[in-house]
Amino acid sequence: MEERIPFGDRLKPWTLSSVGALFTLTQIVLSFVLYDRTGSDAVRNAGWGIIMISALFGWLPIFTLRARGGVEKGRSYVRTTNLVTSGVYALVRHPQFLAGMLLNVALPLIAQHWLIVVLGVPPFVLTLFDARLADRASLEKFGEDYKHYMEEVPRLNFLLGIAHWLTRIRRDSCPRKN
């Protein structure tokens, strides 16, 4: 009897990201074309706020991984040799995936057109799968340290990540009673 290989294990590592990126790029371009000038300013401003948060989660990992990831000089910032659990990585395990997902949420709020909503759903869902695959790869690379990190830091939920981070700070700063 032939063993069934799970769908995620049959994919090349870049497949989900590439398909999602095509949808997101289409979403960005059509946001300019289909932009509704008569839409709600409050909704549009919320979208711009989300884009700013997205930018933070998109750019901070580059500097964090270069500084703390043990990346060889001249190599890509994603070629880490150390598990990084500080900075933005203390809030979420996959900040750049989160940045893309936030962009997929923000663009419909800014453009206020139904097609921009529809185009944002596939990359949002594909990123969820991609983050799971990244967790598997990181477990293989970093072992028990990553397993412990997974228990402490949420995959993508930065609000929960902030709450956990504040709890860890409080726990670590309080003197322990014997």
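The figures follow:
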| read-out | value |
| --- | --- |
| Segment 98-167: translational diffusion in µm²/s, Stokes-Einstein, Kirkwood Rh over Cα pairs, 37 °C, 0.692 mPa s | 238 |
| In nm, spacing of pseudo-spin labels at residue 82 and residue 59 (7 Å Cα→C-beta vector) | 2.4 |
| Per-residue Cβ neighbour rank within 10 angstrom, fewest leading, 36, 41, 130, 135 | 41, 36, 135, 130 |
| Label assignment, semi-axes √(5λ) of the Cα gyration tensor in Å derived from the structure, set (i) 23, 21, 15; (ii) 31, 20, 14; (iii) 31, 23, 16 | (iii) |
| Within the chain, helix-based [θ] at 222 nm, where runs of 4 or more DSSP H residues each add -39,500 (n - 2.57), nearest 500 | -23000 deg cm²/dmol |
| Simple spin-label estimate for residue 105 and residue 40 in nanometres, 7 Å along Cα-Cβ | 1.6 |
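Quick note: the coordinates plus some simple rules give every number you see, no bench work behind them. All figures in this text were calculated on a predicted structure; none of them were measured in a lab. When we count neighbours, we look across all protein chains shown, and the Cβ atoms used for this are built from the backbone with ideal geometry, even at glycine.
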